[in-house]
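One structure below.
The values are calculated or read from the model by the stated rules, or taken from the named source; none is laboratory data. Note that the structure is a prediction, hence the values are computed from the model and not measured. When we count neighbours, we look across all protein chains shown, and the Cβ atoms used for this are built from the backbone with ideal geometry, even at glycine. Note: accessible area is taken over every heavy atom of the protein model, side chains too, but ligands, DNA and RNA are not part of it. Shrake-Rupley method; radii C 1.70, N 1.55, O 1.52, S 1.80 Å.
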Amino acid sequence: MSKVWSNRFDTSLNSFIEEFNASISFDKKLIFEDIDCSIAHAKMLCKTKVLSSSESLEIIKGLESIKKDFIEGKFTPEAPSEDIHYSIEEKLIDLIGETGKKLHTGRSRNDQVGTDIRLWLRKKIDTIDNLLIDLQNSLFLIAESNIYTLIPGYTHMQRAQPLSLAHHLLAYIEMFQRDRERLKEVRVRVNTSPLGAAALAGTKIKIDRYFTAQELGFENIYQNSIDAVSDRDFCIEFVSTSALIMSHLSRISEEIILWVTDEFSFAKLTDKCATGSSLMPQKKNPDVPELIRGKTGRVYGNLQALLTIIKGIPLSYNKDFQEDKEPLFDTVETISACLKAMTILLNEGIEFNIEKLMDTVNNDFSNATDLADYLVGKKVPFRKAYQIVGDIVKYCLTKDILFKDLHLEEFQAFHSEFKEDIFENLNPMNVVKSRNSLGGTGFDQVKLELIKWKKKLKK
Ligand code: ARG
């Protein structure tokens, strides 16, 4: 049966419109937060003597039994209740009668829904932060055991200079650390209580906003009631932070996808995280990183949706805000799943092909800078050394050989300062070792970084 709103209405809603208007199908996720919010509100109304202690107690007991019934599967919030807030209030009135009708004194669904989402999101941010730490730890473990594994470093997707694999992976740890810092900052704004703003203007009922904020663990309260009910910046900030997390996950996914191709063969997928083809029996597909890369689009889409929903909304609450939930929920679900999947992929889904990696860095021109720097060490101006090495590369290319295949006399034909120790300098291990500038890939730098992260990553 469609419900009739207040006595102002004569007939009930058109049944299609009733469904169109409802959010219960998705906002039932907020059930625990809604109950917690109501309990805090009821306690507060008792403290300010708006409710007697027996009324407040009756309401709180009712709410707790609703929570218990839900956990035990004896209560399901569902249509025809419009949303989770009505669903609980209706259930409470069902359960305890007239006193239940006092719960909504001095509040509105507008400050209530704002409170619920913030409580929900605050918890999720903490879970996501832990997932980020797990992922950083997985990267760390691979890095720690691959200080001396070399991997070609690229710019423009062209071989540039060899790197310690640990250094490459540590770059991702840094990126995810920035994500954690951003989340921490967003959490401060999420952790601000709008409760008590009522519909938009505050209330004449005697309330204590600090009391409810403290009960619910909020650090701050909104200073302006209109802002309190119309602010969804925190949703956008969270989804924007998530979009960056996804971009980082997508970039590492892309690298893994490349690394496991036959063309690269820098790594291979274990059976635990690879899938086959329904047609081609030889195939082993990197579905996990591909899905993560693909799901990045969803989160970017959610960000775009939220920005667009908010942009034209006059103050204060408008029903458009109901549309904030699905993109937010979907973002939390998507990034949580992707962070977990990437962690599993790193822990047990991928094996680096160390031999192939070492072989690769030994067979390219990625030590060309070192050849130039060798001459710089002999007081040759860099730009001049750079041109000389360009000539040597050209010479090698015509003969289809590498620097290491040249004889000392051939080097000396380009510059007399080349000595026997040039061959040692060209060895990729020495090339990497020598990049010992702060934050460089030199092994000593990498070891220092690993020590720093080991301390930092302890939860
Ligand atoms: N379901 C609504 C939402 O998600 C709750 C707030 C409704 N407030 C109102 N004035 N209609 O935004």
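In segment 341-459, taking the dipole from charged Cβ atoms about the Cα centre, the farthest positive-side position among 362, 398, 442 is held by 442.
Accessible surface computed residue by residue for segment 279-346, with neighbouring protein chains in place and a 1.4 Å probe, gives 50 Å² per residue.
Calculated on the alpha-carbon coordinates, the convex hull of segment 142-285 measures out at 203 cubic angstrom per residue. Rounded to the nearest 20 debye, the dipole size of the chain about its Cα centre is 1160 debye, using +1 on the Cβ of Lys and Arg and -1 on the Cβ of Asp and Glu.
Over segment 383-436, what percent of the accessible surface lies on carbon and sulfur atoms, probe 1.4 Å? It is 50 percent, rounded to a whole number. Label-to-label distance for residue 271 and residue 398 is 5.4 nm, based on points extended 7 Å past Cα in the beta-carbon direction.
Each Lys or Arg adds one and each Asp or Glu takes one away; over the other residues whose Cβ falls under 10 Å from the Cβ of residue 37, this sums to -4.
Loop-resident trypsin sites (Lys or Arg not before Pro) (DSSP state other than H, G, I, E or B) in segment 347-440 with no more than 11 further Cβ atoms inside 10 Å of their Cβ: 379. Extension gain, residue 355 to residue 430: 0.36 nm times the residue separation minus the Cα-Cα distance gives 25.2 nm. Near residue 275: Cβ cut-off under 10 Å, other residues only, Lys/Arg at +1 and Asp/Glu at -1. The net charge is -1. With just the Cα atoms defining each centre, how far is segment 292-347 from segment 33-71? Give it in Å. If we compute the Cα centre of each part, the gap is 32 Å. When you filter the trypsin sites (Lys or Arg not before Pro) in segment 1-97 for DSSP loop state and at most 10 other Cβ atoms inside 10 Å of their Cβ, you are left with 8, 49, 74. Treating r as the C-beta distance of residue 383 and residue 178 and R0 as 35 Å, the FRET efficiency rounds to 0.45. Computed extension gain for residue 407 through residue 304, at 0.36 nm per residue and net of the alpha carbon distance, reaches 31.1 nm. In terms of overall dimensions, the C-alpha atoms belonging to the chain reach 101, 52, 39 Å along their principal axes, ordered largest to smallest.
Shown is the FRET efficiency for residue 414 and residue 185, computed with R0 = 60 Å from the Cβ-Cβ distance and rounded to the nearest 0.05: 0.65.
Site pair residue 155 and residue 69 shows an inter-label distance of 6.7 nm when each label is modelled 7 Å from Cα along Cα→Cβ. Radius of gyration (Cα atoms) of segment 1-159, expressed as a multiple of 2.2 N^0.38 Å: 1.58.
Ellipsoid fit via the Cα gyration tensor, segment 266-314: semi-axes of 39, 11, 6 Å, each the root of five times an eigenvalue, largest first. Ratio of Rg to Rh for segment 331-459: 1.15 [Cα atoms; Kirkwood radius as inverse mean 1/r over pairs]. The Cβ shell under 9 Å around residue 125 holds other residues with a net charge of +3, Lys and Arg each +1, Asp and Glu each -1.
Across the chain, where is the longest run that never hits chymotrypsin sites (Phe, Trp or Tyr not before Pro) in a DSSP loop with at most 14 other C-beta atoms within 10 Å? By the stated rule (loop sites, at most 14 other Cβ atoms within 10 Å), 10-459. In a DSSP loop and with at most 10 other Cβ atoms within 10 Å, the trypsin sites (Lys or Arg not before Pro) in segment 140-244 are 204. Across the chain, the longest piece that holds none of the GluC sites (Glu not before Pro) lying in DSSP loops with up to 12 other C-beta atoms within 10 Å covers 79-262. Given segment 98-189 reduced to its alpha-carbon atoms as identical point scatterers, what log10 I(q)/I(0) does the Debye formula return at q = 0.10, 0.20, 0.25 Å⁻¹? Treating every Cα as an identical point scatterer, log10 I(q)/I(0) equals -0.49, -0.96, -1.16. Across all directions, the shadow cast by the convex hull of segment 230-363 built on its C-alpha atoms averages 10.4 square nanometres.
Taking every C-alpha pair closer than 8 Å and separated by at least 6 residues, the mean separation divided by the residue count of segment 299-389 gives a relative contact order of 19 percent. Projected label points at residue 15 and residue 262, each 7 Å from Cα along the beta carbon direction, are separated by 6.0 nanometres.
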